[in-house]
Every structure is written in structure tokens, then in C-alpha cells.
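Student: Could you have a look at this structure, given as C-alpha cells, before my questions?
What follows draws every value from the coordinates through simple rules; no lab data is involved. Being a predicted model, the structure only gives us computed values, none of them experimental. Positions of Cβ are generated from backbone atoms using ideal geometry, with glycine treated the same way; all protein chains shown enter the neighbour counts.
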């Protein structure tokens, strides 16, 4: 438990495991998984690292496609669950800010909705770049900065008449930490403007080869929930290649 961090993930681990199940929550299942899998398997990586792998769901998905997976996770309960559910994967206790791997150890490094949980991305992003091989890739799914700027009681709101629904944001350029709660899960999350993330990747000499703001699949249900994901930029997906 040496890498346990007081950011809510350990105390929320059981609720998270129950919420994700095997297929993931709405966002993963209907918005992100398809594009993340397609990009991850581009170039047929032999080895990959999932930074902040949680209970190991995405590791299992890539492992089933023939990738030798390593998952890194600091929350002990999540790490134990990942090991329990995947006898073939390799799961390591550690933090993104100090990856316990050699330079160029992987073909691919994945951050699947974890940058928002990392306190010091100015250390973590260089670490992700360091552990991929020349020509290797860093694949990121992150909450849109327009989404995370809706904290503090903003986000989805209605007008004074209770009718027109809109998504309200504030203090977009101000980096900050905020506790967020949903379905029995309570964690510390970080808002940063998109420019902060892009600058850090560019400083590593990485080349952006994909940027997308994925929408829900056509069969996403319930339809009213899917519609909210279509109205505003909820996520961004980036692929970066190491020179």
C-alpha cells in the first residue's frame, strides 16, 4: 500500500468495481471504448501500459486482442481486483508521476480517463513519454476541459423558467482540484484548460496524430442520456507519437 493516495479512490473502490461491472459505465461502453480500442490496436502493439488501470477492464480488453498488458494502479483494492480478474496480465503498484519502468519499455502507453485524477501531470506526462519506445504512442482519453470547468454547482442547468437546458462553465483557465461525487463514488478531480495538457505533450517532442471528441454510438441507451453527451463536448481522445 505504499502508493496509496488520499484522493478518494481507495475508499470508493468497491463502489467503482460494482459500477463498472465487466462492460463499463455508459461513457465507456457507448462513447469511448470503440474509438479507444481502434486507436490502441492501430499498428498492432506487442506491449502496452495502462496508467491508472483501476480494476483492469481496459487491460483485459487489450489482452484479449493479443497485447501483453501491464497495468499500473495506486489504489490497493482496485489493484487486487485487477489481479484477481486477470491471471495473464501484469499489474503493478505505482503512481503516474514516477513510473517504475525502464525507458522505452512499451509500444503503447494508455491514459483512459486518468489525467483528471493525477495531481502532478507535469511529472506524469513526461513519464508516459519516457516509457514508450521511439515510434511508440501515448493514447489518451480525458474529460473535456469544457466539462470539468462546470464544477462548483454549474454543469447542466435550466433557465429561470425551468425549460431550456444548457451546460454552464466558469473559470475555464484556472487550474483547480474539486471533489466530485456520483453513484456512491467520491474522488478528487482536477480541472485544467486544454492548452495545459497540449503544451505538456508538445514539450516532450510528441506528435499529435489523432484528436477527436467522440459521440455516443447510435444504439446508446437510454436515449435521453445519450442526447446530453451529443449536445456538448464531453470527452477528447488524443494519440501522440514519439519521434
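Student: If packing is taken as the average count of other Cβ atoms within 10 Å, what order do 61-67, 91-97 fall into, highest mean first?
Tutor: On the way: 61-67: 16.9, 91-97: 19.3.
Ranked from most to least packed, the peptides come out as 91-97, 61-67.
Student: Show me the ranking of peptides 109-122, 201-214 by mean Cβ neighbours inside 10 Å, starting with the highest.
Tutor: Per-residue mean Cβ counts within 10 Å order the peptides as 109-122, 201-214.
Student: For the range 176-224 and the range 1-75, what is the centre-to-centre distance using only Cα atoms, to the nearest Å?
Tutor: About 15 Å separates the Cα centre of the range 176-224 from the one of the range 1-75.
Student: With an 8 Å cut-off on Cα pairs and a minimum separation of 6 or more residues, tell me the relative contact order of the range 84-150 in percent.
Tutor: 39 percent
Student: Continuing with the same structure: Could you work out the pair-distance distribution P(r) of the chain from its alpha-carbon pairs, with 5 angstrom bin width and percents rounded to whole numbers?
Tutor: Answer for the chain: a P(r) of 1, 6, 13, 18, 21, 18, 13, 6, 2, 1, 0, 0 percent.
Student: Calculate, for residue 130 and residue 159, the FRET efficiency according to 1/(1 + (r/R0)^6) with r their C-beta to C-beta distance and R0 41 Å; round to the nearest 0.05. Before the final figure, lay out each step's value.
Tutor: Numbers: r = 48 Å, r/R0 = 1.18.
Step by step, r from the Cβ atoms, then E = 0.25.
Student: Then there is this: Just subtract the alpha-carbon distance of residue 80 and residue 11 from 0.36 nm times their residue separation and send over the number in nm, one decimal. All intermediate terms of the calculation are to be shown ahead of the outcome.
Tutor: Values: separation 69, 0.36 × 69 = 24.84 nm, distance 1.40 nm.
Residue separation times 0.36 nm, minus the Cα-Cα distance, leaves 23.4 nm.
Student: How much mean residue ellipticity at 222 nm does the chain get from its helices, if each DSSP H run of length 4 or more adds -39500 (n - 2.57) and you divide by all residues, to the nearest 500 deg cm²/dmol? Before the final figure, lay out each step's value.
Tutor: Details: 8 runs with 67 residues, N = 243.
Helix-only estimate at 222 nm: -7500 deg cm²/dmol.
Student: Please work out how much length the chain gains when fully extended from residue 90 to residue 199, using 0.36 nm per residue of separation minus the C-alpha to C-alpha distance, in nm with one decimal. Could you put the intermediate results ahead of the total?
Tutor: Numbers: separation 109, 0.36 × 109 = 39.24 nm, distance 3.13 nm.
So the chain would gain 36.1 nm between residue 90 and residue 199.
Student: Kindly state, to the nearest 0.05, the FRET efficiency for residue 179 paired with residue 218, given R0 = 51 Å and r defined as their beta-carbon distance. Kindly include the intermediate steps, with their values, before the conclusion.
Tutor: On the way: r = 35 Å, r/R0 = 0.68.
Rounded to the nearest 0.05, the efficiency is 0.90.
Student: Output the antiparallel fraction of DSSP beta bridges having both residues in the range 86-243, as a percent to the nearest 5. Let's see the in-between values first.
Tutor: Working: 24 of 30 bridges.
Bridges in the range 86-243 are about 80 percent antiparallel.
Student: Can you tell me how much longer the chain between residue 208 and residue 44 gets when fully stretched, taken as 0.36 nm per residue apart minus their C-alpha distance, in nm with one decimal? Write out the running numbers ahead of the final one.
Tutor: On the way: separation 164, 0.36 × 164 = 59.04 nm, distance 1.86 nm.
Using 0.36 nm per residue and subtracting the Cα-Cα distance, I get 57.2 nm.
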